[in-house]
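The numbers here are math on the coordinates, done by the rules we state, and not lab data. Model, not experiment: these values are computed from the prediction. A quick note on method: Cβ atoms are made from the backbone with ideal geometry, for glycine too, and the neighbour counts reach across all protein chains shown.
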Amino acid sequence: MGIAENIAQVRLKIARAARRSGRDPREITLVAVSKTVGLETVAEAMAQGLTHFGENRAHELKWKQEHFPDAFWHMIGRLQTNKVKQVVGSAVLIHSLDRWSLAEEMNKRGSLLNTPVSALLQVSLAGEKQKAGVLASDIDQFLQSVGQLQWLRIEGLMTMAPLSEDSEKSRPIFKELCAIYRCYKRKTYQNVDMRHLSMGMSQDFEVAIEEGATIVRVGTALFGEHKR
């Protein structure tokens, strides 16, 4: 299938998963992970109505955002502190805030540009040491401390489940993060507005939606193994 057919299929699966969980499909934001594709493919995807795109490298995000300024660009990869200046001002949402030093750098850059920086707190639940993220036990302290950072806005949580061909293996992790998300959504912190839950990729986005995701990050299911 071509990209148009892939997009239609993903949208259909999103709609079905949302309805299975008693939700409106319009509550779900599809972020097309465009890290492996070039400008022509992004343009083709936009022609099919996609508006949100995700990149995992700072320079790539900035480059594509300059070519397609009308799209909404998300930073979904791990962000080095020395790359923050390339992302703040270009990304509408940074999904991968995984440590306090990064929060401070994002706030500093936001101050220099006089613009708030929107981010999701990445949470590590899978027990994989190589996976970045704040531990569940540290979320409260982190959110309390965000009040010190004038230009940072925490807008929700993100996690990544271990890669598996069996999407059901992701369900316990997504269920756990949704419970955590709902807990902190009921609390009040300065500079925190829990409105996004980013989880689920090509192999498990339907399960993620069933468990409460408001944002899914889908690449291969849209673009295949497409390479520039």
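GNM, the chain, Cα, under 10 Å: largest mean-square fluctuation among A71, A47, A17? Most flexible of the set in this elastic network: A47. Of the residues R26, R11, R57, the one that moves most in a GNM of the chain with alpha-carbon contacts below 10 Å is R26.
Take each of the peptides 161-168, 150-157, 62-69, 91-98, average the number of other beta-carbon atoms within 10 Å over its residues, and list them starting from the highest.
91-98, 150-157, 62-69, 161-168
Residues in segment 61-71 carry Karplus couplings, in order, of 4, 4, 4, 6, 5, 5, 7, 10, x, 7, 7 Hz; the curve used is 6.51 cos²θ - 1.76 cosθ + 1.60 with θ = phi - 60°, and Gly or Pro positions show x.
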